[in-house]
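The values are calculated or read from the model by the stated rules, or taken from the named source; none is laboratory data. Just so you know, these numbers come straight off a predicted model, no measurement behind them. Heads up, the Cβs are rebuilt from the backbone with ideal geometry, glycines too, and the neighbour counts pull from every protein chain shown. We work out accessible area using only protein heavy atoms, side chains counted, and drop any ligands, DNA or RNA first. Shrake-Rupley method; radii C 1.70, N 1.55, O 1.52, S 1.80 Å.
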Amino acid sequence: MTASLEIRDLSITFGEGPDAVKVLPSVSFSVAPGECFGLVGESGSGKSTVLRCVSLLTTIWSGEVRIDGRDLRGLPLKQRCRLIQMVFQDPYGSLHPRQSVRTTLAEPLRIHGLDDHEGRMKRAMIDVGLPVDFLDRFPHQLSGGQRQRVAIARALILEPALLLLDEPTSALDVSVQAEILNLLARLREERGLTYVMVTHDLAVVDHMCDRFAVMLHGEITEILPREAILGNQATHPYARELIAASLDYEGRA
Amino acid sequence: MQDPILEVSNLSIRYPGAPADSVRGVSFVLGRERLGVVGESGSGKSTVGRALLKLLPGARITADQLRFEDLDLLALSEAEMLKVRGRRMSMILQDPKFSLNPIQRVGRQVAETYLRHFPVSRAEAKAKTLEMLAAVNIRDPERVHELYPHEISGGMGQRVMIAMMLLADPDLVIADEPTSALDVTVRLQVLNILDGLVRDRGIGLIMISHDLNLVRNFCDRVLIMYAGRVVETLKAGEFHKAQHPYTRGLLAAQPRIGGPRKPLAVLDRRPEWTEEQPA
């Protein structure tokens with residue numbers, strides 16, 4: 001299953017009249033079905049906020065978000081959750097410490113009234129490369145990489161078409177990051193999933209994404225294909241600076 | 001190596017109640033250079049840094065030698081360590097948000113070490129502080145001096161911490177993930193400032209990090225730690241000559257700009273990596 005995402009004039013404003021503060025002035029971009037789209041920028045530039053708006057964890061925005069041409073706000077909650085799921089940055093904070101993996105994975109199945117819980121949970125575990133008997137473990141019995149796999153299994157268990165990935169590997173070691181990135185790349189290929197991925201690491205963007213947007217102060221400065229990184233083909237000064245810094249950091253300047 | 005600042009040989013550390021040593025048989029010599037220590041979480045790299053400052057209450061630290069300039073660190077009492085910490089050896093921590101005191105003005109915190117170790121007046125300490133804040137490229141030191149930590153950005157907070165640690169002019173600085181909490185663009189500025197100060201003053205620097213790119217670009221030599229042991233020591237420019245499968249695995253696992261889009265290599269951890277390696 002796959003879906004397109006279209007965001008037009010997404011904005012968040014606090015207050016009214018002349019004193020109004022726009023924290024997210026206006027964000028527009030579209031992601032093709034099966035594409036991996038990156039969002040990069042410094043802390044506070046609004047990249048995670050965009051994901052929170054699309055997942056409706058933040059609801060105070062205006063503008064238009066369409067999934068496969070359908071208005072996001074018009075979709076019933078359950079249908080929306082079957083289409084969009086999110087994976088968070090910190091696997092230590094995003095799993096309930098007193099719930100076993102089984103409880104974590106069973107909850108969405110129960111809410112959505114799906115059949116064959118046991119079979120679906122087993123398949124989800126196998127999909128993310130965890131042994132099936134880990135279903136009875138608690139988060140503290142798992143390593144960081146294993147926890148992030150559970151978080152991905154939780155996101156996948158409702159078979160969504162669009163995954164929102166909020167720095168899915170920045171809390172992990174390089175060696176574990178490689179495992180998770182490989183897993184995400186494989187799942188996208190197998191299922192045609194659409195990804196919107198927030199990251200601060202342009203090497204990850206280059207490895208995973210087709211196109212990416214550089215954000216600054218809540219605005220998209222430039223949308224670039226991933227090929228633009230290596231030769232720094234950005235035109236906006238901030239995007240150029242960011243790419244130059246990343247190349248420099250890798251010792252490629 | 002002439003004039004070593006720090007000599008560590010066969011350092012082992014065991015936390016209270018732990019079934020095994022967290023750090024085992026670590027040896028290295030540090031001159032006036034920048035030494036990187038890399039490894040994954042739990043490899044013992046921060047534990048080594050803290051042991052040098054004896055900041056591990058209750059832990060059992062053993063070594064054949066733990067010499068810092070003219071001092072035998074193992075033999076020093078806590079009272080004697082108080083004269084070493086901050087004055088001759090200091091540590092820059094990861095996250096300024098958690099390492100600065102939120103209810104004290106920046107200037108006062110920076111001056112504290114200096115006042116503690118030198119017999120100077122508050123006015124003299126303030127003058128020194130302002131000078132140091134300027135040295136870490138803070139444009140308006142007078143203003144920043146009066147701010148609280150929540151009023152400054154992460155990058156500025158990290159520069160304030162560097163100022164604080166270098167003010168007493170130590171001979172050895174241990175930087176534990178000094179830039180992990182910062183954005184790439186800010187990260188480079190902070191590293192360049194740290195690098196400049198360390199070079200100018202001839203300070204020995206130990207840079208603890210999980211980031212291979214960082215240590216490769218900013219250190220002279222790098223120790224690679226795995227499961228409490230140093231598995232390999234490399235010159236920064238010679239990472240391509242890495243021999244140990246763990247180091248090679250780490251390098252291969254790193255996505256690179258312009259790299260091939262094949263699945264990344266995944267570490268195949270071998271039990272023998274945790275065993276004694278022939279040097």
Original post:
For the stretch B:233-249, how many residues meet the condition of being open to solvent by 10 Å² or more (accessible area, probe 1.4 Å), free of Cβ contacts under 8 Å to residues at least 24 places away in the same chain and not small (Gly, Ala, Ser)?
Top reply: 7
Subject >> Qualifying positions in the stretch A:1-32 - part of a loop (DSSP other than H, G, I, E, B) and free of Cβ contacts under 8 Å to residues at least 12 places away in the same chain >> reply: A:Gly15, A:Glu16, A:Ala20
**OP:** Only residues that are within 14 Å of B:Met207 (Cβ to Cβ) and open to solvent by 20 Å² or more (accessible area, probe 1.4 Å): list them for the stretch B:141-176, please.
**Re:** B:Met165
Original post:
Within the group A:Leu187, A:Leu181, which residue is more than 9 Å from every other protein chain (Cβ to nearest Cβ), open to solvent by less than 20 Å² (accessible area, probe 1.4 Å), in a helix (DSSP H, G or I) and closer than 30 Å to B:Gly42 by Cβ?
Top reply: A:Leu187
Original post:
Within the group B:Glu124, B:Glu112, which residue is charged (D, E, K, R) and either modelled with pLDDT of 95 or more or surrounded by fewer than 17 Cβ atoms within 10 Å (Cβ to Cβ) (or both)?
Top reply: B:Glu124
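Quick grid of which residues meet (1) within 12 Å of chain A (Cβ to nearest Cβ); (2) open to solvent by 10 Å² or more (accessible area, probe 1.4 Å):
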{"position": "B:Val186", "(1), (2)": "yes, yes"}
{"position": "B:Leu212", "(1), (2)": "yes, no"}
{"position": "B:Arg229", "(1), (2)": "no, yes"}
{"position": "B:Leu251", "(1), (2)": "yes, yes"}
{"position": "B:Pro255", "(1), (2)": "yes, no"}
{"position": "B:Val266", "(1), (2)": "yes, yes"}
{"position": "B:Thr274", "(1), (2)": "no, yes"}
Subject >> Single condition B:Met207 does not satisfy, out of (1) in a helix (DSSP H, G or I); (2) modelled with pLDDT of 90 or more; (3) open to solvent by less than 20 Å² (accessible area, probe 1.4 Å) >> reply: (1)
**OP:** Taking only the stretch A:33-73 into account, find how many residues are assigned to a helix (DSSP H, G or I), closer than 22 Å to A:Asp90 by Cα and out of contact with any Ser or Thr (no Cβ under 6 Å at 6 or more places or on another chain).
**Re:** 7
Original post:
Has the stretch B:60-80 got at least one residue that is in a loop (DSSP other than H, G, I, E, B), in contact with a strand residue (DSSP E or B) (Cβ under 6 Å, 6 or more places away or on another chain) and touching a residue at least 24 places away in the same chain (Cβ under 8 Å)?
Top reply: yes
Original post:
Hey, does the stretch B:258-279 have a residue that's in contact with a Pro (Cβ under 8 Å, 6 or more places away or on another chain) and closer than 21 Å to B:Asp21 by Cα?
Top reply: yes
Original post:
If a residue has to be open to solvent by 40 Å² or more (accessible area, probe 1.4 Å) and within 11 Å of another protein chain (Cβ to nearest Cβ) to count, how many in the stretch A:194-239 make the cut?
Top reply: 7
